[in-house]
């Protein structure tokens, strides 16, 4: 092979290498740009509208300036509470089962797969299901059924929390070293008790983190609420009635023709994103610091 | 505990059951043709797809819109996501890695409705003023870009915002499978006298390609079901147009927009059938993606990033 | 044909760890040179300095001069160029699992732009014959993947892959330590045959292996090269007491 050919080939390869490096850096910048843009816009457009009124007042009728999204914040909180009652126990329970009792079995794999299926269900379809299961049927002895309600919205969100909570619970429990379990068994404690009191407690920071992650995810969901919780212009803490929610309100206001409502949408988005960023940062901080301080 | 685990089965089955049950009306009336039929307006001979008043329902424009916007999103997201993953895994200086990975995680955590808000007020005007005219001028000859829609909404805008949304998923999964490639493979390629890109291409990407395909398919799964941001920028018009700049609709969009106000049983059934289709498609797509990713990372314990 | 390697005042660091200190030696062409010493003495680091592979670690640094033939590899050439002329075989076999046996051997050639079908076929066959693997795989060249072979076969495949680009130097970092005795002896026979064509540097913790295959041996201890002489002398009459202690098994 002549040295000229080698030199040509060599400079072509070096040039390609350089080009790819530049492209990769460009790709990184293009990806980070929308993120920065969104945050900057939210701060710029939303910060000015964030005043005390925002957090304490309900929306004013069209045409009047001012007002806030206090009812939506309350509503979101309530919906999250209902969702947690459903999502957290089932998720943690399933996670404990997958890690401690069924590890490696076909049943466990089937459950894990089903949880992934549940995770991938589009949020709008989840809303459809909740609508069909709760809003539609008029069963006299079952409360909350037969009409739009906060309960229905909470159920939809709760279903969506389950896979996240389940997966993180299982992962956290798997990280507890077997030595801990063996120590408990060596003390003569029957299996299920040792599992609950010791293993879960060891992994509890991580499990709580998983729940926070699930919160952050469903706090911003709009689609499941469109025809379950429906939204509400007034104060309401009634589980049996339609209720306002932050993302839902943002959606409605964003598509409206009123500048005033656009302002509120930006402010609401800012509040929502701050909460989510806090949750995600906290999760990252806890997991990077080593979750199982009690284990070693 | 077992009860909790089994209740997941029950929930999924309930969802499937309800979806099937409530779409029976249109299923019996239209059969499989629901998804591709074209009706004709008797007066003007133009195609009519979605006419709740006359109870004519064809999901064709929504299937079209979902596919077009998702495909556009993948086209734009894949090179960027893989580029980002390559940068973070093989080229990034150590101190930047963690912050950049964190930023990518944040991108994934932003709710759909906030993406939609930003898209409506910032992205769409940007595209409308600066990008779309450029596209029409340079690529108009393909027939894919015409100027019949001055609003800036449409398939293309939906594709762009979808791309931004699925990027983090594809990127972080690609990173995971790239990290799972053993270091010895990289060294083997370098020892033969390869440049860094050749090492990445032959030693890492090649070994991880199945997982990368899985990551892409997972991104597709997310794009197919994405509702809020798409509903806000696609134009919500139940028609089919060749131009990517035209208004359209998607499966998730029509459900979100029309369900609360739908009155007739047939209308509700049609919307539910679309929901059922979305449900089944996302199960298949996501399941396939999980299998691919599992095949690549199986046996590798979770590694530090 | 192989070339000699001249090392002058080579120092290497991993971060603040001074892994190699003032190494000076001349490795003769067309011979096999063994490097022995206890774990952590720096012999692997030394070998990786010869094809600049230590630079893949971001905290690694080296000073000094290394000449391969008449080329000063640190000042007059880029790593990519060096590694084409210096082949390396690693401790654990690392064939490319997604490629066939043929593609594994041809990988280095394709990187350098060889595309002529016949030339590739000939080179692959010759390399596999040189690494004593041809007879075992000649029917499955394109059908079997590189990872489907046994451990010993995989290592010979890696040797074939390294030889295919026609290097002048072959570096082997404990090439048989992960293999069974039968494969090990096959590899040792190979080295015996190859050393007339290439300059071979083999790192080994197995002293009998060094005695079997190498003409010259260097003893490393704590980052320094204690003694470098003919293998016969090192093992029968070492000049340095530390060498003698190591040979007789007093430590390491």
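Table: residues versus (1) surrounded by 20 or more Cβ atoms within 10 Å (Cβ to Cβ); (2) at the interface with chain B (Cβ under 9 Å from one of its Cβ atoms).
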{"site": "A:50", "(1), (2)": "no, no"}
{"site": "A:62", "(1), (2)": "no, no"}
{"site": "A:77", "(1), (2)": "no, no"}
{"site": "A:90", "(1), (2)": "yes, yes"}
{"site": "A:116", "(1), (2)": "no, yes"}
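Within region A:9-25, how many residues are surrounded by 14 or more Cβ atoms within 10 Å (Cβ to Cβ) and closer than 29 Å to residue B:163 by Cβ?
Total satisfying the criteria: 7.
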Checklist outcome for this item: Checking B:223, B:252, B:246, B:208 in turn, the sole residue that is in contact (Cβ under 8 Å) with a residue 40 or more places away in the chain, assigned to a helix (DSSP H, G or I) and either more than 28 Å from residue B:285 (Cα to Cα) or more than 14 Å from chain A (Cβ to nearest Cβ) (or both) turns out to be B:208
Next on the checklist: Can you find a residue that is under 19 Å from residue A:280 (Cα atoms), more than 10 Å from chain B (Cβ to nearest Cβ) and touching a helix residue (DSSP H, G or I) at 6+ places or on another chain (Cβ under 8 Å) anywhere in region A:179-198?
Outcome noted: no
Item to check | Residue check for residue C:251: out of contact with any strand residue (DSSP E or B) (no Cβ under 7 Å at 6 or more places or on another chain) and within 26 Å of residue C:17 (Cβ to Cβ) | outcome: yes
Item to check | Counted residues, region C:210-238 - those being part of a loop (DSSP other than H, G, I, E, B) and farther than 18 Å from residue C:172 by Cα | outcome: 4
Checklist entry - For region B:29-144, which helices (runs of 4 or more DSSP H) that fit wholly inside it have 1 or more residues that are away from chain A (no Cβ under 14 Å) and farther than 16 Å from residue A:34 by Cβ? => result B:60-86, B:94-109, B:132-139
Checklist entry - Any idea which of A:180, A:176, A:189, A:200 is within 23 Å of the chain's Cα centre (by Cα), over 30 Å from residue A:49 (Cα atoms) and modelled with pLDDT under 85? => result A:200
Checklist entry - Hey, residue C:15 hits all of (1) over 17 Å from residue C:162 (Cβ atoms); (2) touching a strand residue (DSSP E or B) at 6+ places or on another chain (Cβ under 6 Å) but one; which does it fall short on? => result (2)
Item to check | Filtered residue count, region C:98-117, keeping only those that are surrounded by fewer than 17 Cβ atoms within 10 Å (Cβ to Cβ) and more than 7 Å from every other protein chain (Cβ to nearest Cβ) | outcome: 4
Checklist outcome for this item: Looking across region C:42-78 at residues that are touching a residue at least 12 places away in the same chain (Cβ under 8 Å) and facing chain B (nearest Cβ under 8 Å), the single one that is farthest from the chain's Cα centre (by Cα) is C:53
Checklist entry - Here are some conditions: (1) buried (at least 24 other Cβ atoms within 10 Å of the Cβ); (2) more than 10 Å from chain A (Cβ to nearest Cβ); (3) out of contact with any strand residue (DSSP E or B) (no Cβ under 9 Å at 6 or more places or on another chain). Residue B:191 meets all but one. Which one does it not meet? => result (3)
Next on the checklist: Based on this model, can you work out whether residue A:30 counts as over 30 Å from residue C:82 (Cα atoms), within 10 Å of chain B (Cβ to nearest Cβ), in contact with a helix residue (DSSP H, G or I) (Cβ under 8 Å, 6 or more places away or on another chain) and in a helix (DSSP H, G or I)?
Outcome noted: yes
Item to check | The one condition in (1) touching a residue at least 60 places away in the same chain (Cβ under 8 Å); (2) over 22 Å from residue C:197 (Cβ atoms); (3) surrounded by 21 or more Cβ atoms within 10 Å (Cβ to Cβ) that residue C:87 fails to fulfil | outcome: (2)
Checklist entry - Quick one: is residue B:175 in a helix (DSSP H, G or I) and either in contact with a strand residue (DSSP E or B) (Cβ under 6 Å, 6 or more places away or on another chain) or at the interface with chain C (Cβ under 9 Å from one of its Cβ atoms) (or both)? => result no
Checklist entry - Taking residue C:128, is it more than 10 Å from chain B (Cβ to nearest Cβ) and either modelled with pLDDT under 90 or under 21 Å from residue C:152 (Cβ atoms) (or both)? => result yes
Item to check | Complete set of residues in region C:1-25 that are under 17 Å from the mean Cα position of the chain (by Cα) and farther than 11 Å from residue C:66 by Cβ | outcome: C:1, C:2, C:3, C:4
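Here's the yes/no breakdown for (1) in contact with a strand residue (DSSP E or B) (Cβ under 6 Å, 6 or more places away or on another chain); (2) at pLDDT below 80; (3) farther than 30 Å from residue B:258 by Cα; (4) assigned to a helix (DSSP H, G or I):
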| residue | (1), (2), (3), (4) |
| --- | --- |
| A:196 | no, yes, yes, yes |
| A:210 | no, no, yes, yes |
| A:218 | no, no, no, yes |
| A:221 | no, no, no, no |
| A:235 | no, yes, no, no |
Checklist entry - Hey, any hits in region C:243-251 for a residue that's at pLDDT 90 or above and on the phi > 0 side of the Ramachandran plot? => result no
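The values are calculated or read from the model by the stated rules, or taken from the named source; none is laboratory data. A quick note: this is a predicted structure, and the numbers were derived from the prediction, not measured. Ideal geometry is used to build each Cβ from the backbone, glycine not excepted, and the neighbour counts take in all protein chains shown.
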